[in-house]
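Below is one structure; the comments refer to it alone.
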Ligand code: FES
Ligand code: FES
């Protein structure tokens, strides 16, 4: 079946088997490997993407269900060579260690801040409850999302980093594929 989507603002399409998972469509058919596969069983949230404005676990959605939809992955966060505020905040507040959970965490955080720019710690932790991190203990992830909402991280890091370094930092957060 043919699946057409707009992903990170770009129209893309591919022929897939009806059983193809959205995460495999994104990684294998579209070549965007920043979206990770951790458990493949809806437990870890590593595969989180934004589907029509809402975070979903892409290992639990069929590619054909996303036909005609708007998708956003971690590769769509940075713009014009600059870190998205949530990326800048994760960098500044050490919100990642191995980085495997990071794309999903940042997308959940970005979606939360779009609907609520000043969430409480409890609200942040609730939103993150479907995403597991085996490294950080979550505290710095929560701090990073809070800082991104307050607008205190993105500006500072944006000023300090040159475009090349911003791109390198963003690519690091999209890596560990
Ligand atoms: S890979 Fe999808 S929830 Fe873990
Ligand atoms: S930083 Fe390693 S799993 Fe979260």
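For the reader, a short list of remarks on this structure follows.
- Restricting attention to the range 97-148, the residues being assigned to a helix (DSSP H, G or I), under 23 Å from residue 53 (Cβ atoms) and out of contact with any helix residue (DSSP H, G or I) (no Cβ under 7 Å at 6 or more places or on another chain) number 9.
- Residues considered: 45, 38, 53, 34. Of these, the only one that is within 16 Å of ligand 2 (Cβ to nearest atom) and on the phi > 0 side of the Ramachandran plot is 45.
- Screening the candidates 135, 101 for the property of being surrounded by fewer than 21 Cβ atoms within 10 Å (Cβ to Cβ), near ligand 2 (Cβ under 9 Å from one of its atoms) and outside the structural domain of residue 36 (by TED's automatic domain parsing) yields one hit, 135.
The values are calculated or read from the model by the stated rules, or taken from the named source; none is laboratory data. Nothing here was measured: the structure is a model prediction, and the numbers come from that model. Here the Cβ is made from the backbone with ideal geometry for all residues, glycine too, and neighbour counts use every protein chain on show.
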